[in-house]
Amino acid sequence: MRRRFFVDQVRNGRAEISGDDARHLTRVLRVEAGQRYEISDNHNVYLAEIETARKEHVSFRTLEKLPLPAPTVRLILCAALIKFDHFEWMIEKATELGVSEIVPVETIRSERGLERAAHKRVERWRRIALEASQQARRAFLPDVSEPESLRETLAREAAYKFALDENPAAPAFNAALPATRDPQDVVAMLIGPEGGWTGEERSQFIAAQWTPVSLGPLVLRAETAALAALAIAGSAWLIH
């Protein structure tokens with residue numbers, strides 16, 4: 001299976017990768033002129049041949065446009081800010097699971113200082129999502145949004161909005177899924193911080209018509225809950 005790389009644009013049948021990305025291709029992957037790979041400009045996917053492979057510049061010539069995957073459900077992961085090493089691992093794995101958008105959310109129990117520092121991390125997080133997208137051979141990159149308040153997140157539009165809740169009274173996530181599901185649906189999932197939701201936050205997401213759901217009786221780390229929710233929703237819409 002050919003490797004797939006993302007490029008900024010394809011213009012007149014040509015594309016290029018430069019800087020650190022090009023150095024990775026030439027030094028680590030040892031790409032050479034004449035080799036064929038797949039490239040995506042985040043709109044289309046192409047079979048392409050390397051024309052030149054220099055230290056900091058790799059150029060491609062497209063050979064043919066490849067079929068795009070069938071439309072799938074748009075999965076929005078709204079995740080409370082947690083320690084950055086855990087958050088970055090979550091971004092990587094969520095990207096591999098097919099997330100469409102990752103929204104960092106500021107919550108009351110997020111660790112002090114994370115909100116301010118998070119804004120400086122967004123470009124790094126997008127880079128992580130890019131690398132995971134290439135590894136997973138995605139056709140399109142997920143969006144990684146700027147951090148936002150819980151109030152802003154709760155105002156987002158989606159066909160279905162679920163809030164993962166440790167409250168034992170919350171119904172099981174798979175039982176709360178709609179019986180009729182469409183690939184064009186937008187599904188948003190809200191994941192709380194390590195300390196859980198406050199009573200005030202729980203009242204807010206219920207008032208905003210987010211459905212509280214549970215992943216069972218075990219206590220999960222925030223990043224584990226996020227990936228479990230993505231896997232459940234992704235497979236539910238995929239097989240229906």
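Data for the structure
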read-out: Interchain or long-range residues, amide H under 5 Å from PHE5's placed H; value: GLU38, ILE39, SER40
read-out: Overall form of the stretch 136-178 per C-alpha gyration tensor (a/c, 1.5; a/b vs b/c); value: oblate
read-out: Test item: Cα-centred dipole of the stretch 4-56, Lys/Arg +1 and Asp/Glu -1 on Cβ, debye; value: 160 debye
read-out: At least 20 Å along the helix axis (C-alpha) and Kyte average at least -0.5, DSSP helices within the chain; value: 222-238
read-out: Spin-label pair ALA33/HIS119, simplified geometry with 7 Å Cα→Cβ offset, distance in nm; value: 4.7 nm
read-out: The stretch 4-83: C-alpha gyration tensor shape, a/c 1.5 cut-off, then a/b vs b/c; value: oblate
read-out: Neighbourhood charge, 13 Å Cβ-Cβ cut-off, centred on ARG23 and excluding it, Lys, Arg +1 and Asp, Glu -1; value: +1
read-out: Solvent-accessible area per residue for the stretch 18-175 (1.4 angstrom probe, square angstrom); value: 52 Å²
read-out: Extension gain from GLN135 to ARG11, taking 0.36 nm per residue of separation minus the Cα-Cα distance; value: 42.2 nm
read-out: Anisotropy class of the stretch 96-184 from Cα gyration tensor, a/c 1.5 cut; value: oblate
read-out: With every protein chain in place, the chain: carbon and sulfur % of accessible area (1.4 Å); value: 48 percent
read-out: Packing-based order for 61-72, 11-22, using average beta carbon neighbours within 10 Å, highest first; value: 11-22, 61-72
read-out: Karplus-derived HN-Hα couplings along the stretch 177-190 (A = 6.51, B = -1.76, C = 1.60, θ = phi - 60°), whole Hz, x at Gly and Pro; value: 5, x, 5, 10, 10, 10, x, 7, 5, 10, 10, 10, 10, 9
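The values are calculated or read from the model by the stated rules, or taken from the named source; none is laboratory data. Everything numeric in this text was worked out from a predicted model, so none of it was measured. Every residue, glycine among them, receives a Cβ derived from its backbone with ideal geometry; neighbour counts consider all protein chains shown. Keep in mind that these areas ignore ligands, DNA and RNA; they rest on the heavy atoms of the full protein, side chains included. Shrake-Rupley method; radii C 1.70, N 1.55, O 1.52, S 1.80 Å.
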